[in-house]
Every structure is written in structure tokens, then in C-alpha cells.
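If you scroll down you'll find the structure; I have some questions about it.
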Amino acid sequence: MIDLYYWTTPNGHKITMFLEEVELPYRVIPINIGSGDQFKPEFLKIAPNNRIPAIVDHQPVDDSEPIAVFESGAILLYLAEKTGKLLSDDLRTRVDVLQWLFWQMAGLGPMAGQNHHFSQYAPEKISYAIDRYVNETGRLYAVLNKRLSDRPYVAGEDYSIADIAIYPWIVPYERQGQKLENFPHLKQWFEAIQTRPATVRAYQQAEQFKNQAVDMEKSRSLLFNQSANTIQP
């Protein structure tokens, strides 16, 4: 059994997508990041960076003590290796999967995240920052579109953890100032993943938390005003 510490963010969706795809039993433990659940001591023992998602695997392959894993890319890699699914044993294919996984973690995720922040949440609309991150998001979409011009998935013929990592960061494309019609290969890939039964089930998980009441001022302060002082010794 996997305990999944989860909230309804792109990084959270990655893990439900994987778990549903491979039909691995799991239990969702909601961490409402707008209410400050990510700072609770019991969660910080599992995820010291006070970010979701995180997991605890109660049945690791070495039959030892439960293993806690934080960071969505690390979780996907851990689960792929645990199950032997969605990560090829072929050297070149595996390298392709991993480099596109890290492309999302180091590029698309952070750039789209800053795009969201400056265009949607920042109290002051800074044109330079908005243009910077909307344009960079568009550049990354174009990179992905080009990659998908001659293959159905980012690492070739087979669906992998790289596709799972990338897809949730494309879902809010309108908020990112992008039009999928400008990226036809990406659009075809996106629509194929969107209709996968596991993807549908994963996003249905989010519905139960959709309408939880949050104090928006408190939420803004919790999410965007963290500093070194946030981390307690």
C-alpha cells in the first residue's frame, strides 16, 4: 500500500496518474496547502521541503521498513523502478525518458509555475515578468511540439513517466497564455493522454477536494511569502 500525501496541483496529479495507470493500491492523504497542512510536523518528517506530493511505501521491494519519498520526479522514478512499469530497460529509451523527465522538472514546471504566479497571483502586475514567463512557456511548448512531430510519446512509441510528468503542466495551458492549436503535435499527444482511463480516474480524485473553503489572504501568505525564516531549526 502506498500512502500518497496529495493536493490538487500539477505535481500532485502526476502521482495519481501513475498509480492509476499501473493499478497500484494507494491511499490519498490530503495536504491542503492553502490552509497550511504542509507545515505540520508529521508531514515535514516525510517531506522536509514542505511541498507536495510525497509518498510512504509500506511494502518496499526489499521487504524492509517503509520508505518515504518526496519530490514528484523522484517519486515517479521510485515507483517506476518498484513496479517495473513506464520506464524502459532499454538503455537509450531509458535515457530518453529520464532526460525528458528532468526537462519537465527543471524547465517546464518552474517556468510555467512562475508564469502562473506573475500572471494570476502576484498583487502587482509586472509586464516584464509576465512577458518573460509566458514567452518562455511558449518556447518550451514549441520544444515539446517539435519532439512529438515524429513519435506518439516523448520517449518514442511507449507511454512513460516522462509523459506523466509533463501532461499536468500542459493542462492549464490557457492560464499560461498558450493555444494548443499553435502546437499541433503537442495537441494530439495531449488529447490522447487526456482520454486515457487512468488519467480520467486520476483527475476525478481531485474533484473531492475542489470546493474546500480556503481563506484566500491566508493562502496567499502561506504560498508566496515563505523565506528562510519559514524553516524551523
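Throughout, read-outs are computed from the coordinates displayed, never taken from laboratory work. Remember, predicted model here, so these are calculated numbers, not experimental data. For neighbour counting, all protein chains shown are included, and Cβ atoms are generated from backbone atoms with ideal geometry for every residue, glycine included.
With an 8 Å cut-off on Cα pairs and a minimum separation of 6 or more residues, tell me the relative contact order of the range 91-196 in percent.
Values: 91 pairs, mean separation 36.2, N = 106.
Relative CO of the range 91-196 lands at 34 percent.
Pairwise over distinct Cα atoms, reciprocal of the mean inverse distance: report the Kirkwood radius of the range 1-51 in Å, one decimal place.
11.5
What distance in nm lies between label points placed 7 Å from Cα along the C-beta direction at SER88 and ASP150?
1.4
Next question, about the same structure. In what sequence do ASP62, ASP90 fall when counting other Cβ within 10 Å, fewest first?
Taking fewest neighbouring Cβ atoms as first place, the list is ASP62, ASP90.
How compact is the range 1-136 by the rule of thumb for globular proteins, expressed as Cα Rg over 2.2 N^0.38 Å?
After normalising by residue count via 2.2 N^0.38 Å, the value is 1.18.
Lysines near LYS85 by alpha-carbon distance under 17 Å, same-chain residues fewer than 8 away left out - which ones?
Correct list for LYS85: LYS14.
So for the range 35-152, averaging the separation of alpha carbon pairs under 8 Å that are six or more residues apart and normalising by length, what relative contact order in percent results? The partial results should precede the final answer.
Numbers: 80 pairs, mean separation 15.1, N = 118.
Answer for the range 35-152 is 13 percent.
Further, regarding this structure: If you stretched the chain out fully between GLU65 and LYS45, how much longer would it get, using 0.36 nm times the residue separation minus the C-alpha to C-alpha distance?
Extra length from GLU65 to LYS45 when fully extended: 5.7 nm.
Okay, moving on. Of the GluC sites (Glu not before Pro) in the range 169-212, which ones lie in a loop per DSSP and count no more than 12 other C-beta atoms within 10 Å?
When the GluC sites (Glu not before Pro) of the range 169-212 are filtered for loop state and at most 12 Cβ neighbours within 10 Å, GLU174 remain.
What does the convex hull of the Cα atoms of the range 91-196 come to per residue, in Å³, rounded to a whole number?
On the way: hull volume 9.3 nm³, N = 106.
About 88 Å³ per residue, rounded to a whole number.
For the range 4-25 and the range 104-171, compute the distance between their C-alpha centroids and round to whole Å.
That distance is 19 Å.
When the helix-only estimate is applied to the chain (DSSP H runs of n ≥ 4, each -39,500 (n - 2.57), divided by the residue count), what is the mean residue ellipticity at 222 nm, nearest 500 deg cm²/dmol?
The per-residue figure over the chain is -14500 deg cm²/dmol.
Find how much the distance from ALA129 to HIS185 grows on full extension, using 0.36 nm per residue of separation minus their present alpha carbon separation; answer in nm with one decimal.
Details: separation 56, 0.36 × 56 = 20.16 nm, distance 2.81 nm.
Fully extending the segment from ALA129 to HIS185 adds 17.4 nm.
Quick check on the exposure proxy: order VAL22, VAL134 from fewest to most C-beta atoms within 10 angstrom.
So the residues, fewest neighbours to most, are VAL22, VAL134.
Provide MET17, MET105, MET111 in ascending order of the number of other Cβ atoms located within 10 Å of each residue's Cβ, fewest first. If you can, show how the numbers build up before the last one.
Working: MET17 26, MET105 18, MET111 21.
Taking fewest neighbouring Cβ atoms as first place, the list is MET105, MET111, MET17.
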